[in-house]
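In what follows, a single structure is set out as structure tokens and then discussed.
What follows draws every value from the coordinates through simple rules; no lab data is involved. Only a predicted model underlies this, so the values are computations on that prediction, with no experimental measurement involved. Reconstructed Cβ throughout: ideal geometry from the backbone, glycine too, with neighbour counts over all protein chains shown.
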Amino acid sequence: MRWAGAGLLLLLLLLQTRLWTGDGSIPVAIGLHAEVAEQRQANQQLDERNRALAADVADLRRGQGSIEERARRDLGLIGPEERFYLVIDEDAR
């Protein structure tokens, strides 16, 4: 009977060791859960960025006004019947 109890205790210790150390252990599982949470947050931010880009693409496909506005803002477009005046602030120098 003593040997059976000692054997069972040894078996319990071996199973506990496997549970707390190694590949499928509890600390590894906790770390993986934290990584999954971080990845979900990163994916959410990327989804928001993708929605904004998709809205920009749809707006650009819809009309010339958005293309012209973007060209004015980003590239400094000046229309054929427009004049460009550069105002230099002397106080800013």
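Using a simple spin-label model with points 7 Å from Cα along the Cα→Cβ vector, what separation in nm is obtained for Asp74 and Ala42?
Those two pseudo-labels are separated by 2.6 nm.
Give me the extension gain from Arg18 to Glu90: residue separation times 0.36 nm, minus the current Cα-Cα distance, reported in nm with one decimal.
Once the chain is fully extended between Arg18 and Glu90, it gains 18.4 nm.
Per residue of the chain, what 222 nm ellipticity follows from adding -39500 (n - 2.57) for every DSSP H run with n ≥ 4, rounded to the nearest 500?
Working: 3 runs with 63 residues, N = 93.
Rounded to the nearest 500, the figure is -23500 deg cm²/dmol.
As an exercise, identify the GluC sites (Glu not before Pro) in the range 1-83 lying in DSSP coil whose Cβ has no more than 13 other Cβ atoms within 10 Å.
When the GluC sites (Glu not before Pro) of the range 1-83 are filtered for loop state and at most 13 Cβ neighbours within 10 Å, Glu81, Glu82 remain.
Within a 10 angstrom radius of the beta carbon, how do Leu19, Leu86 rank from fewest other beta carbons to most? Can you show the working numbers first?
Numbers: Leu19 11, Leu86 4.
The fewest-first ordering by Cβ neighbours comes to Leu86, Leu19.
Kirkwood-based Rg over Rh for the chain (C-alpha set), two decimals?
Working: Rg = 32.5 Å, Rh = 20.5 Å.
My calculation puts Rg/Rh at 1.58.
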